[in-house]
1. Once all Cα-Cα distances of region 72-143 are split into 10 Å bins that start at 0, what whole-number percent is in each one?
2. Tell me, what is the FRET efficiency for Asp255 and Asp134 to the nearest 0.05, using R0 = 60 angstrom and their Cβ-Cβ distance as r?
3. What value, in deg cm²/dmol to 500, does the helix sum -39500 (n - 2.57) over DSSP H runs of n ≥ 4 give at 222 nm once divided by the residues of the chain?
4. Share of Cα-Cα pairs in the chain beyond 37 Å, in percent?
5. I need the fraction of alpha carbon pairs in region 217-262 separated by more than 18 Å, rounded to a whole percent.
6. If you find the alpha carbon centre of region 182-252 and of region 301-316, how far apart are they in angstrom?
7. Around Val147, which amide H atoms from residues at least 5 apart in sequence, or from another chain, sit under 5 Å from its own amide H, with H modelled in the peptide plane?
8. Provide, for region 182-382, the number of lysine pairs with alpha carbons under 17 Å apart, each pair being eight or more places apart or on different chains.
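The numbers here are math on the coordinates, done by the rules we state, and not lab data. No experiment lies behind these values; they were computed from the predicted model shown. Every residue, glycine as well, gets a Cβ built from its backbone with ideal geometry; the counts of neighbours run over all protein chains shown.
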Amino acid sequence: MNQCSPGTAEYSGAMIADLIRTYRHGGPLPRAFYCHPEVFAADMDRIWRRYWLYVGHGCMLPKVGDWLTWQVGTDSVVVVRTKSGEIKAFHNTCRHRGARFCNAEKGNGQAFSCPYHGWTYDLDGRLTTRTMKDFGVAESELGLHPVKLRDVGGLLFIALGDDPVDFDQAHADIAGRMKHQGMNDAKVAKAASYTVKANWKLVFENNRECYHCPTAHPEYIKGTFDVLRAMPSQVDRVARQTELANARFRAMGLDTGDAWSGMTGSYWRAHRTPLMEGWKTQSLDGTPVAPLMGTFRDKNQWSDGTLRTTVFPNFWQHASDDHAVATRIAATGPLECKIDVYWLVHRDAVEGRDYQLDRLMPFWQRTSEQDWFICEANQQGVMSSAYRPGPYAKELEANVQHFVDWYLGELGGKPPLRAVAGA
Ligand code: FES
Ligand SMILES: [Fe+2]
């Protein structure tokens, strides 16, 4: 097997198929799914290069020539606002001898110049300058390799492969709800980056349930009904609050929702959720932390809810009426992810005057960091020789089961897995 890099390593289709057969429904995956290099190679091939990946918000590139780079596995992409104002994405590999031509996380410029032999590309990816002329291939044939990109209500999604899964329904569902949140008129107030020593699936499984919230998230559980909805003594209260919230949402022309974090599509959800009685936003005490955004700003009215958006395999966002917090995962190896968290506010909001970072950030900063800790603890425990998958809670971990079912279906699905010769 070629182990030169996790992103391009080949994998045995027979080995993956055997592993899938060892899975017992009703509990977590066997250990190999969380650590084996060949499973990681299959994940890259079957999931990360076929699905749509959140790469950033359009508002992160406000000016012509603003660009950002992002790395998944061994693939780096450049996302840039072109002269026409459109945002485009390209593979970050020079058409000469393949050097990565953008070597910072973000920047601004009117062209991309490769640091190796100086080939230059314009913002639309056209090769414009070569320092020598004796190549025998026309410049017009050597443009940067494009990456498919969709703007979904201000959220940018890319597809690394040539034949990604259908995204039309997800796009319409998410954009329809996102239009109220003001993502196009937002700015990043703060970003935080984390290296989390856990397989990307452990991170996503953790996101898919709140059974752990009373144990791990003392701040988060104060503001939501995630856990209360499953308690017999609280069912009526949650139903009443949801009804009140939905009446409020309807009156404001918003989509309605419930306290359940269910999926609205097969691999995505965009779900409006009521906050706890008396809470206006997801802050430590539920009081506002920034000026209103989007429709809420236009109407000068609070919905007292959040729009939760999730897209497998790398994105979730919680958008309150006054700010949004987006999470971007990049699988970087079998045992590691790089995770970026972005806090967004209205673009005119001024730090110190309209918002304070020490009030804006803690709710999701603490919750996120608590999650990274338990994800790493999960990885450590899964690596124990005594690890055996235990049972899922049927209701509170139903969304984890959904994620695992989706994952295994994609991993074992069609077109058939590529088998290594002799495997
Ligand atoms: S590899 Fe980029 S100019 Fe040679
Ligand atoms: Fe959590």
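1. Taking all Cα pairs of region 72-143, the binned fractions are 19, 55, 24, 2 percent.
2. E(calc), rounded to 0.05, equals 0.50.
3. Using -39500 (n - 2.57) per qualifying helix, the result is -7000 deg cm²/dmol.
4. 27
5. Working: 345 of 1035 pairs.
Pairs farther apart than 18 Å: 33 percent.
6. 9
7. Ala89, Phe90, His91
8. Taking the Cα cut-off of 17 Å, the pair count is 5.
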